[in-house]
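No value in this document is a laboratory result; all are computed from the given coordinates. Everything numeric here is computed off the predicted structure, so don't read it as measured data. Because the Cβ atoms are built from the backbone with ideal geometry, glycine has one as well, and the counts that use them run over all protein chains shown.
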Amino acid sequence: MKFSTRELVTLAVFGALWGLAEISLGSALHAIKLPLTGLSLAVAGVMIASIGRLFVPRRGSTLFIGAIAMVLKLFSLGSALLGPMLGILVEALVAELILDAFPRPSRLAFVAACTGAALWVFVHPFVTGLLIWGQGLLTVWLDMLDTGARLFGIPTQAAWAIALTLIALHL
């Protein structure tokens, strides 16, 4: 599939907006230690990509926007870049697949794309923990439970309540 020069420029602008949001907003949210920072960034990024999809309503445009944002993430400060870069690309892929399932752009399609990206944020630690950082699934699960327990102020033994609450928050 070929994009016109005008479409490529439009996609690059929206990709740059997503990348800039990841770099600036992400740094600020991580600096103030806001919980569920990845969720906020994923939804904001897919919202930007969805608006870009309105301007270029063609298959592959959302993925292209995400690829631009991922490349711009390389210029972010910090040492852990591979995990967030993978997250951005998969969020764009999930949004692209969901938006392609709808016959034309609609509010429901964009809400579904943002929801899909938000659900990926819940799965992301398991994938990156296993593939990139070499952690076991149990270690990632226990870390997630500990984070959820601290976030909600409940004991770690309430594992199912923590897991269901975290999933509900991502929806």
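Among residues of the range 8-22 that are assigned to a helix (DSSP H, G or I), those with a beta-carbon under 8 Å from a residue that is basic (Lys, Arg) and surrounded by fewer than 24 Cβ atoms within 10 Å (Cβ to Cβ) at least six positions away or on a different chain give the pairs GLY19/LYS73; GLU22/LYS73.
To keep it simple, each residue is scored yes or no on (1) out of contact with any helix residue (DSSP H, G or I) (no Cβ under 8 Å at 6 or more places or on another chain); (2) closer than 25 Å to LEU130 by Cβ; (3) polar (S, T, N, Q); (4) surrounded by fewer than 15 Cβ atoms within 10 Å (Cβ to Cβ).
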site	(1), (2), (3), (4)
GLY45	no, yes, no, no
ILE48	no, no, no, no
ALA67	no, yes, no, no
VAL111	yes, no, no, yes
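The criterion of being free of Cβ contacts under 8 Å to residues at least 40 places away in the same chain, within 13 Å of the chain's Cα centre (by Cα) and either surrounded by 14 or more Cβ atoms within 10 Å (Cβ to Cβ) or not in a helix (DSSP H, G or I) (or both) does not hold for LEU130.
Among the residues of the range 153-171, count how many are in a helix (DSSP H, G or I) and either polar (S, T, N, Q) or exposed (fewer than 15 other Cβ atoms within 10 Å of the Cβ) (or both). Step through it out loud before you land on a result.
As a first pass, look at the range 153-171 and keep what is in a helix (DSSP H, G or I): 159-170.
The next check asks that each one be either polar (S, T, N, Q) or exposed (fewer than 15 other Cβ atoms within 10 Å of the Cβ) (or both); those that pass are 160-161, 164-165, 167-168.
Within the range 153-171, residues that are in a helix (DSSP H, G or I) and either polar (S, T, N, Q) or exposed (fewer than 15 other Cβ atoms within 10 Å of the Cβ) (or both) number 6.
Look at the range 23-32 and say how many of its residues are touching a Leu at 6+ places or on another chain (Cβ under 9 Å) and free of Cβ contacts under 8 Å to residues at least 12 places away in the same chain. Don't jump to the end; show me each part of the working.
Let us first name the residues in the range 23-32 that are touching a Leu at 6+ places or on another chain (Cβ under 9 Å), namely 23, 25-29.
Those left that are additionally free of Cβ contacts under 8 Å to residues at least 12 places away in the same chain: 28.
Counting residues in the range 23-32 that are touching a Leu at 6+ places or on another chain (Cβ under 9 Å) and free of Cβ contacts under 8 Å to residues at least 12 places away in the same chain gives 1.
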